[in-house]
Amino acid sequence: METILVLAHTEADGSLARPALEALAAAKSFGGTLVVGLVGENVQAAANRIAGCGAAKFLAVSGADFAQPRYATDAAAAEAIAKAASATLIIAPATSRWNRVLSGVAHRLGGRADTHVTAISVAGGAISVNRWYYRQRMEAVIQRAHRPLVIALDPGCVEAWKGDAGTATIENVAVALADTAKRTTFTGVRAPAADQQTIRPDAALLLVAGAGWTKKQRDGQTHVPEAEKLILNFLKLTQASLGGSKSVVDLGGEGQDVLSFMTHLHQIGQTGSTPRHQKGLSACCHGEEPHTVGWRFVNERRAINLDANCGWARGKADVLYVADAFAVMAKVNEQLAAKKSV
């Protein structure tokens, strides 16, 4: 029987983010002994939040040394918790913090690691994990007999665990840190103001902007400043996240007019990210395969394009608006602003 460890880290306010609750939900789908391992400065509130999950015990490594992401301390904490739990299967959310250390932790434990997993299943006692390859075009199903097995579950692939809070009894796991493990120090966070933030992974809606926003319009002129205003107003009114096609994020290197806020961090598809938002709206994008592959996990996909024969019209969007994106987005912003003022 497997001993399943759910490994999670707390957020700055001591809470558990949605990816951690998703990893917990995935772990509960197995039979076996469930153990929760928490890492953070103060983990009691996080443990209480999931006290009703049915875990046999809660293990924790806590303190000021574990408040912020750092490879040396995070790896030491994860290794100590895994050994204390005698875990054969370790499931963790594929957050930026855990992605840096899980492969190294698997090596320390003499185990194996599968990252960017999108699904976990059990059949006949064998555990299978699903992940995508070749820019999300091919899906593989992998089984490993080797233990321990460390699985990093991509966010947005499983419904988050919902259950009763309570009071959890925590067993603290001691970790001896050498001075060399503390050489990396945290100095602060640099982040844009809330109204300037354009990448919001937890947003319900994703707006993908294409190179059409920077091209000549019906009057034969470009209208990049107007495009920027329309897009930013929409993001501000809806709190949506922003993505960009490869063509639009590459424009800067081609000497063309660009959207000033668009970077390669926004890229969707090809070598860009694969978002998992509830809804997606693509504007001024051609909608061919490299782009649509990047957001195939978006549940409801809509597009705006003047070309009725574009890639979106060939079954890649749930709804296609054959219209001018400038006019459509101006009208949408007007209606959103009116609704917000009521």
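Brief remarks on what is shown
- Highlighted here are the strands (runs of 3 or more DSSP E) found entirely within region 51-166 that include at least 3 residues which are touching a Pro at 6+ places or on another chain (Cβ under 9 Å): 89-93.
- Verdict on A317 being more than 16 Å from the chain's Cα centre (by Cα), in contact (Cβ under 8 Å) with a residue 24 or more places away in the chain and assigned by TED's automatic domain parsing to the domain that holds E334: yes
- Of the residues making up region 1-20, those that are of a type in the set (V, I, T) and not in a strand (DSSP E or B) number 1.
- Residue match in region 141-159 (condition: touching a residue at least 40 places away in the same chain (Cβ under 8 Å), closer than 16 Å to I4 by Cα and out of contact with any Asp or Glu (no Cβ under 9 Å at 6 or more places or on another chain)): yes
- Flag: A85 matches the condition of being surrounded by 15 or more Cβ atoms within 10 Å (Cβ to Cβ), under 21 Å from L59 (Cα atoms) and out of contact with any helix residue (DSSP H, G or I) (no Cβ under 8 Å at 6 or more places or on another chain).
- Just so you know, in region 279-292 the residues that are touching a strand residue (DSSP E or B) at 6+ places or on another chain (Cβ under 9 Å) and at pLDDT below 90 include one that is surrounded by the fewest Cβ atoms within 10 Å (Cβ to Cβ), and it is G287.
- Answer residue from region 317-342, given it is touching a Lys or Arg at 6+ places or on another chain (Cβ under 8 Å) and assigned to a loop (DSSP other than H, G, I, E, B) and is surrounded by the most Cβ atoms within 10 Å (Cβ to Cβ) among those: A317
- Boolean, R70 is modelled with pLDDT of 95 or more, touching a Phe, Trp or Tyr at 6+ places or on another chain (Cβ under 8 Å) and among the basic types (K, R): yes
- Residues (more than 20 Å from V332 (Cβ to Cβ), assigned to a helix (DSSP H, G or I), of a type in the set (S, T, Y) and under 22 Å from the mean Cα position of the chain (by Cα)) located in region 211-269: none
- Test: residue in region 95-104 that is more than 19 Å from the chain's Cα centre (by Cα), surrounded by fewer than 23 Cβ atoms within 10 Å (Cβ to Cβ) and either under 23 Å from P201 (Cβ atoms) or modelled with pLDDT of 95 or more (or both): yes
- Every residue from region 27-46 that is of a type in the set (G, A, S) and crowded, with 24+ Cβ neighbours inside 10 Å: A27, G37, G40, A46
- Matching entry among A47, A23 (being outside any loop (DSSP other than H, G, I, E, B) and out of contact with any Ser or Thr (no Cβ under 9 Å at 6 or more places or on another chain)): A23
- Residue that is farthest from I151 (Cα to Cα), among those in region 1-50 that are touching a Pro at 6+ places or on another chain (Cβ under 8 Å) and small (G, A, S): A17
- Boolean, L230 is out of contact with any strand residue (DSSP E or B) (no Cβ under 7 Å at 6 or more places or on another chain), modelled with pLDDT of 95 or more and either assigned by TED's automatic domain parsing to the domain that holds R302 or buried (at least 18 other Cβ atoms within 10 Å of the Cβ) (or both): yes
- The listed residue being in contact (Cβ under 8 Å) with a residue 40 or more places away in the chain and either under 18 Å from V6 (Cα atoms) or not aromatic (F, W, Y) (or both), out of A119, A72: A72
- Out of R314, R302, R296, sole residue that is surrounded by 15 or more Cβ atoms within 10 Å (Cβ to Cβ), of a type in the set (D, E, K, R) and at pLDDT below 90: R296
The values are calculated or read from the model by the stated rules, or taken from the named source; none is laboratory data. Everything numeric in this text was worked out from a predicted model, so none of it was measured. Glycine also receives a Cβ, built like all others from the backbone with ideal geometry; neighbour counts cover every protein chain displayed.
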